[in-house]
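Written below as structure tokens is the structure these notes are about.
The values are calculated or read from the model by the stated rules, or taken from the named source; none is laboratory data. This structure is a prediction, so every number in the text was calculated from the model and none was measured. Heads up, the Cβs are rebuilt from the backbone with ideal geometry, glycines too, and the neighbour counts pull from every protein chain shown.
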Amino acid sequence: MRATARLTAIAVLVVAALTGCVRLTADTRVNDDDTFTQVAIIATTPQARTQLTSMTDVDLGDLKALVTSSDGYLQLTRDHPDQVTVEDYADGDLTGVKITATNLPLAEFASSFAQVTAQFPFAGEASLTHTGDTYVVSIPAGELADGLKQAGISAGQLELLGGSIDVALTFSFPGLVESATVGTVDGKTVTLGLADLASGKDITIVAGAAQQMNWQPWLMWGGIGLALLVIVGGATALIVQDVRRHRASALPRPDATAGSAPSGPGVIITTEDAPEATDDDESA
């Protein structure tokens, strides 16, 4: 009975997310010194909060008090004072909390991630490890897929409604992302949306642990620049050829072997210009 109630609550949560009544975002930046910084926002509208509270045993009326009184948060602040903060968050009708964890060791990732998903079970308990020369993020499938079935929402519908869903988990790494079972990869970053979290499959992300240069944008813009140079250079050559063709005279060039003295009708030939007489002319 308890499991059924929980799935019903998840179903209500998903519907609320689809209608823009819930915002759940977490931006995690992994540093090359085996630490991470995470900024998470959890917010709902008053209507969604009331509905969700009625479906669960937890009072979501004061998210800040709920987060700061949790065992995980209290343990983090004891072990890492001044590195974890919780602030009030407001954006229009959405109100909630902004949780910031700064330069925590990788071992604390599970606790930090749990603060984001404790009341909104979009995923299972996650981990972040340094394995060889890579960082590996593992997020077991949560109860979200079952909750979607409970709500009668398919993965295809989530894809179509992706623009109106404000649920996103973003991971950034020192090196390039080598693989991700789901999500959108952009160089060193992977973004997981609600449809990815609702796939019902375990999520694994592998990325380089050392600093790497993402050459893809440079190569893309370099290719565009080269193409523009070719186009502009070709157009300039055609224009120059066209101008030369129009400037060229259509009259025949004077015969260089005919001598330099002017001749022809209407031209007065002086004695200086007259050709010297030859023996054939005198005999005539």
Next item on the list: Could you list all residues from the stretch 178-205 that are within 16 Å of ALA126 (Cβ to Cβ) and of a type in the set (Lys, Arg)?
Entry: LYS201
Next item on the list: Give the residue that is nearest to VAL167 (Cα to Cα), with candidates limited to residues of the stretch 67-88 that are buried (at least 18 other Cβ atoms within 10 Å of the Cβ) and in contact (Cβ under 8 Å) with a residue 40 or more places away in the chain.
Entry: VAL67
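Each row is one residue, and each column tells you yes or no for (1) in contact with a helix residue (DSSP H, G or I) (Cβ under 7 Å, 6 or more places away or on another chain); (2) closer than 26 Å to ALA209 by Cα.
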| residue | (1), (2) |
| --- | --- |
| GLN83 | no, yes |
| GLU87 | no, no |
| THR100 | no, yes |
| PRO105 | no, yes |
| SER111 | yes, yes |
| VAL116 | no, yes |
Notebook entry, point to check: Of all residues in the stretch 88-109, how many are aliphatic (A, V, I, L, M) and over 24 Å from CYS21 (Cβ atoms)?
Noted result: 4
Check: Going by the conditions given, is LYS64 farther than 30 Å from THR129 by Cβ, surrounded by fewer than 18 Cβ atoms within 10 Å (Cβ to Cβ) and at pLDDT 85 or above?
Finding: yes
